[in-house]
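Visitor: Supplied in structure tokens, the structure appears directly below.
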Amino acid sequence: MVEETMRAFFTFLAKNKPLIKTANKVGMELGGSSFVGGETIDETVEQVKKFNEDGIYVTIDCLGEFIHDSSDAEEITKQCIEAIHAINEHELKGQVSLKLFSVGLELGEETVLKNMKRILEEAKQFDVFVTINMEEYKNCGKIIDVFKKLRAEYDNVGIALQANLYRTETDVEKLNEFSPVIRFVKGAYKESGDVDIDDKDTVDENYKKLVKTHLLNGNYTQVATHDDDIIQYVKNLVKKHDIPNDQFEFQMLQGMRDERQKELAKEGYKMVVYVPYGKDWYTYFMKRLAERPANIGFTLKSMVRR
Ligand code: FDA
């Protein structure tokens, strides 16, 4: 009940137009700067350099929360290409992430494929890897279909899959023929109906099972979690099966568990931090809180600790 109210509250804040305007004027000092790389590419590059100095890689997430027509999708496509160029020019240790929604998923497959191919062509030229985020359950099938078409042509594209969905085990099996790079996440969206696993322990067990299957199939794996229990599980698993460190990486969100990120990098693991970039930072920030009210405690603690 409390969780539902909090979710509704942050969803309201995410969509509130006067607040969005104020946030854009005031800038990220509202609290977003801990969790967002920058509104501009120059700010983001400075943030990324700090991570790189600590031996931490990044994936720059090109935010695009309001896509109404093809010019909006075009704008975010350019923003992604700008991030790819910045990685190359500044010799950053970085990759790119994006939501297919932001490059036109809802405008039709032709549009989204056209924009993605532009991004992947550019990324290929500069040896930059691009990971497709996973969105609400209703779009999961569509996103996987687009990914398969892109993967058939490009080897610099990967996809996120959610451990809280029952379908993911089958998706991992079916995608195996593409030897895909998969980013495993627990899942940020509250789904309705019986498509998702509600119980946290069962989601955690499913996460471990999926990562194990994917690693033992010989595929590159992005382990995206702040959960120490899962991180320890993966460390033990790779040791037991002699899986080399260059077959997987740990990933966390910017602003979450900064010290743990540095420790993992020092231990010799590839540590990648997800750095959101773009003018839609406020909506991203509120959605993050709305999607998982359970994370608010961590978020607030991280803000206080700064
Ligand atoms: P969870 O929230 O269950 O936390 C597990 C444990 O971690 C806690 O019990 C605590 O011990 C520890 N912990 C967490 N945060 C902490 C903190 N700040 N300080 C101290 N301890 C802390 N989702 C999605 O649906 N689609 C997507 O494409 C993506 N993409 C994505 C990329 C990356 C790089 C990450 C890290 C995450 C995503 N997500 C996502 C979000 C994901 O689905 C999930 O909602 C969050 O990562 C939170 O889940 P955790 O795995 O961290 O565990």
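The values are calculated or read from the model by the stated rules, or taken from the named source; none is laboratory data. Bear in mind that the values here come from a model prediction, so they are computed numbers and not experimental data. No Cβ is skipped: glycine too gets one built from the backbone with ideal geometry, and neighbour counts run over all protein chains shown. Ligands, DNA and RNA are excluded from the accessible area calculation, which covers all protein heavy atoms including side chains. Shrake-Rupley method; radii C 1.70, N 1.55, O 1.52, S 1.80 Å.
For (1) open to solvent by less than 70 Å² (accessible area, probe 1.4 Å); (2) modelled with pLDDT of 95 or more; (3) closer than 30 Å to M116 by Cα, each residue gets a yes or a no:
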{"residue": "Y154", "(1), (2), (3)": "yes, yes, yes"}
{"residue": "T170", "(1), (2), (3)": "yes, yes, yes"}
{"residue": "K174", "(1), (2), (3)": "no, yes, yes"}
{"residue": "F178", "(1), (2), (3)": "yes, yes, yes"}
{"residue": "V185", "(1), (2), (3)": "yes, yes, yes"}
{"residue": "Q222", "(1), (2), (3)": "yes, yes, yes"}
{"residue": "L237", "(1), (2), (3)": "yes, yes, no"}
{"residue": "H241", "(1), (2), (3)": "no, yes, no"}
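Visitor: While we're on this one: Could you check K212 against (1) at pLDDT below 95; (2) in contact with a helix residue (DSSP H, G or I) (Cβ under 7 Å, 6 or more places away or on another chain) and say which number it fails?
Guide: Only one criterion is unmet by K212, namely (1).
Visitor: Another question about this same structure. Looking at D199, D194, D227, which one is more than 13 Å from the ligand (Cβ to nearest atom), farther than 23 Å from F147 by Cα and open to solvent by 20 Å² or more (accessible area, probe 1.4 Å)? Write out each step before concluding.
Guide: Numbers: D199 fails: more than 13 Å from the ligand (Cβ to nearest atom); D227 fails: more than 13 Å from the ligand (Cβ to nearest atom).
When all the criteria are applied, what remains is D194.
Visitor: Here's a follow-up. Tally the residues that are under 17 Å from L175 (Cα atoms) and touching a Phe, Trp or Tyr at 6+ places or on another chain (Cβ under 8 Å), restricting the search to the range 116-138.
Guide: Summing the residues that are under 17 Å from L175 (Cα atoms) and touching a Phe, Trp or Tyr at 6+ places or on another chain (Cβ under 8 Å) in the range 116-138 gives 1.
Visitor: Looking only at residues that are more than 12 Å from the ligand (Cβ to nearest atom) and polar (S, T, N, Q) in the range 210-224, which one is nearest to the chain's Cα centre (by Cα)?
Guide: In this case the residue turns out to be T221.
Visitor: Oh, and also: I'd like the full set of residues that are in a loop (DSSP other than H, G, I, E, B) and either more than 14 Å from the ligand (Cβ to nearest atom) or free of Cβ contacts under 8 Å to residues at least 40 places away in the same chain (or both), limited to the range 230-256. Spell out how you get there, then give the answer.
Guide: Within the range 230-256, the subset in a loop (DSSP other than H, G, I, E, B) is 241-244, 254-256.
H241, D242, I243, P244, listed by residue number.
Visitor: Right, here's the next one. Does E39 qualify as being open to solvent by 30 Å² or more (accessible area, probe 1.4 Å), more than 16 Å from the ligand (Cβ to nearest atom) and at pLDDT 95 or above? Break it down into steps so the answer makes sense when it comes.
Guide: On the way: open to solvent by 30 Å² or more (accessible area, probe 1.4 Å): yes; more than 16 Å from the ligand (Cβ to nearest atom): yes; at pLDDT 95 or above: no.
For E39, the condition - open to solvent by 30 Å² or more (accessible area, probe 1.4 Å), more than 16 Å from the ligand (Cβ to nearest atom) and at pLDDT 95 or above - is not met.
Visitor: Looking at (1) away from the ligand (no atom under 16 Å from the Cβ); (2) farther than 22 Å from F51 by Cβ; (3) open to solvent by less than 10 Å² (accessible area, probe 1.4 Å), find the lone condition where S71 falls short.
Guide: (3)
Visitor: Does L165 fit the bill of being more than 16 Å from the ligand (Cβ to nearest atom), among the hydrophobic types (A, V, I, L, M, F, W, C) and open to solvent by less than 30 Å² (accessible area, probe 1.4 Å)? Reasoning before the result, please.
Guide: Details: more than 16 Å from the ligand (Cβ to nearest atom): no; among the hydrophobic types (A, V, I, L, M, F, W, C): yes; open to solvent by less than 30 Å² (accessible area, probe 1.4 Å): yes.
Spelling it out, it is not the case that L165 is more than 16 Å from the ligand (Cβ to nearest atom), among the hydrophobic types (A, V, I, L, M, F, W, C) and open to solvent by less than 30 Å² (accessible area, probe 1.4 Å).
Visitor: Are there any pairs with C-beta distances below 6 angstrom linking a residue in the range 192-215 that is over 19 Å from F248 (Cα atoms) to a residue that is within 12 Å of the ligand (Cβ to nearest atom) and modelled with pLDDT of 95 or more, with the two at least 6 apart or on different chains, and if so which?
Guide: Final answer for the pair search is V195/Y137; D196/N164; D196/L165; I197/N164; I197/V203; V203/A163; V203/N164; V203/K186.
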